[in-house]
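Down below is the structure, laid out as structure tokens.
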Amino acid sequence: MALQSGLGGQLSIDLGALARNWRALDKVSAGALTAAVVKADAYGTGITMAAKALFAAGARFFFVATPDEGLAVRAAVPEAHIFVLDGLYPGAANLYVRQNLMPVISSMAMLEEWLAKCLERNEAYPSAFHFDTGMNRLGFRLNEASAVRQRIEALGYAPQMVMSHLACADMPNHEKNRTQLALFGSVMTQFPGVPASLANSAGLMTGRDYHFQMVRPGIALYGGRAVTGRKNPMAPVVTLHVPILQVKEARTGETVGYGAGYSLSRDSRLAIIGHGYADGFFRSLSASNARPGGKVAIRGVVCPVIGRVSMDLTIVDITELGSDLPTPGEGAEVLGNLVSADDQADAAGTIGYEILTALKGRYNRNYVGDGHLPPD
Ligand SMILES: *Cc1c(COP(=O)(O)O)cnc(C)c1O
């Protein structure tokens, strides 16, 4: 996606790093198949290019949230095995069959609709079954497992996979992980011989007990931090540089931005960057005198956002740069090696996932490299 003028912010996505991250995770989960979760436009990186690169790196199984995302992966990678995490949308069975999308079935109603399609066409179309082991999100309840088993046994149908999802995998010592693991084990006994999948990125990093036959990393592929309180081992994938529009001097006591919530305690030099909350730079990255905000790297120095982030503009205190002044048109790093998505997330009171999936619109998207790695 490019802006018509080519001017403005540059979002760069390193497909080589994406591929290396997939391969690194595939090594960690050596006994299991390593799928790739590419929902939400591949966590903001672009589903078409990401899916192609991940396939080139070796991924064969892809998870999306919605049918439309499934269609995007199908178009990008005709050979992909695609699971739709939202399940079967009512009335959509023909589309799933035609596009060879596998619904992750999470209710009796979904199951019946899928089985009806199988019976109508006399074909055992593949699907996965999702059991809820403790999130109260999508999934069959555990006490439905035997009814599900009886229903499919009567028809001679078997799913490709049974799966569940961890609520607290980002906190590996949380006792809920062990509880869910045990409950998932009880589900698996109802479906002997059916491959199982429990782990997202954090679950994959937590240990082999969680791997089963398939792991489903998302955030770690894109360089994000999966486990809290640990050094993130993944390579950064996303870099965003936005233009500096103006550099100016301001005096002690003057205020900065909407609401005048930040006043300068020293004579300062400011850079105004062409990037705001409409670009995915959250307003919660604003800084008042009482509370620090986001960070932006200019000339290799990490500088603080000051005042409120506005729709199209953000004010950065570059006094620390001294006489090494940036010039208008020069790029400021909003995401990259100096300021990670997780750094911005910590400042905004959110998680890297939300920072990445909020990337959009008003910059050019460039892809670096592809998923082809030298064999190892
Ligand atoms: C999003 C999602 C994943 C991937 O999670 P990450 O934390 O990004 O690795 C895996 N499984 C399910 C069911 C999901 O919804």
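The values are calculated or read from the model by the stated rules, or taken from the named source; none is laboratory data. No experiment lies behind these values; they were computed from the predicted model shown. Heads up, the Cβs are rebuilt from the backbone with ideal geometry, glycines too, and the neighbour counts pull from every protein chain shown. For accessibility, only protein heavy atoms count, side chains too; no ligands or nucleic acids. Shrake-Rupley method; radii C 1.70, N 1.55, O 1.52, S 1.80 Å.
Could you check, for region 55-66, whether at least one of its residues is crowded, with 21+ Cβ neighbours inside 10 Å, away from the ligand (no atom under 14 Å from the Cβ) and within 30 Å of residue 241 (Cα to Cα)? Yes - at least one qualifying residue is present in region 55-66. Taking region 185-231 as the range and being more than 30 Å from residue 145 (Cβ to Cβ), open to solvent by 10 Å² or more (accessible area, probe 1.4 Å) and modelled with pLDDT of 95 or more as the test, the residues that pass are 223, 225. Criterion first (more than 27 Å from residue 371 (Cα to Cα) and in a strand (DSSP E or B)) does residue 240 satisfy it? Considered against the rule, which asks whether it is more than 27 Å from residue 371 (Cα to Cα) and in a strand (DSSP E or B), residue 240 comes out as no.
This table checks each residue for (1) at pLDDT 95 or above; (2) touching a Cys at 6+ places or on another chain (Cβ under 8 Å); (3) of a type in the set (Asp, Glu); (4) more than 30 Å from residue 375 (Cβ to Cβ).
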position	(1), (2), (3), (4)
61	yes, no, no, no
65	yes, no, no, yes
84	yes, no, no, yes
92	yes, no, no, yes
96	yes, no, no, yes
115	yes, no, no, yes
123	yes, no, yes, yes
129	yes, no, no, yes
135	yes, no, no, yes
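Annotation note: of 177, 173, the sole residue that is open to solvent by 30 Å² or more (accessible area, probe 1.4 Å) and on the phi < 0 side of the Ramachandran plot is 173.
Pairs are defined by a Cβ separation below 9 Å, a sequence spacing of at least 6 or placement on different chains, a first member in region 261-283 that is within 13 Å of residue 305 (Cβ to Cβ) and in a helix (DSSP H, G or I), and a second member that is hydrophobic (A, V, I, L, M, F, W, C) and open to solvent by less than 40 Å² (accessible area, probe 1.4 Å); the pairs so defined are 277/285; 277/309; 283/309; 283/348. Scanning region 78-95 for residues that are in contact with a Ser or Thr (Cβ under 9 Å, 6 or more places away or on another chain) and either buried (at least 21 other Cβ atoms within 10 Å of the Cβ) or not in a loop (DSSP other than H, G, I, E, B) (or both) yields 83, 84, 85, 87, 88. Residues of region 111-130 include none that is touching a Lys or Arg at 6+ places or on another chain (Cβ under 6 Å) and more than 12 Å from the ligand (Cβ to nearest atom).
Would you check which residues across region 180-193 are assigned to a helix (DSSP H, G or I) and either more than 13 Å from the ligand (Cβ to nearest atom) or in contact with a strand residue (DSSP E or B) (Cβ under 8 Å, 6 or more places away or on another chain) (or both) and list them?
Answer for region 180-193, where residues must be assigned to a helix (DSSP H, G or I) and either more than 13 Å from the ligand (Cβ to nearest atom) or in contact with a strand residue (DSSP E or B) (Cβ under 8 Å, 6 or more places away or on another chain) (or both): 181, 182, 183, 184, 185, 186, 187, 188.
Say we look at region 149-179 and pick out the residues that are in a loop (DSSP other than H, G, I, E, B), away from the ligand (no atom under 16 Å from the Cβ) and over 24 Å from the mean Cα position of the chain (by Cα); which of these is farthest from residue 32 (Cα to Cα)?
Here the residue is 156.
When residues of region 313-350 are filtered for being surrounded by 18 or more Cβ atoms within 10 Å (Cβ to Cβ) and within 16 Å of the ligand (Cβ to nearest atom), how many remain? Residues in region 313-350 being surrounded by 18 or more Cβ atoms within 10 Å (Cβ to Cβ) and within 16 Å of the ligand (Cβ to nearest atom): 4 in total.
For residue 6, the test of being farther than 20 Å from residue 226 by Cβ and modelled with pLDDT under 95 is passed.
Residues that are more than 24 Å from the chain's Cα centre (by Cα) number at least 1 in the following strands (runs of 3 or more DSSP E) confined to region 305-372: 314-317, 331-335.
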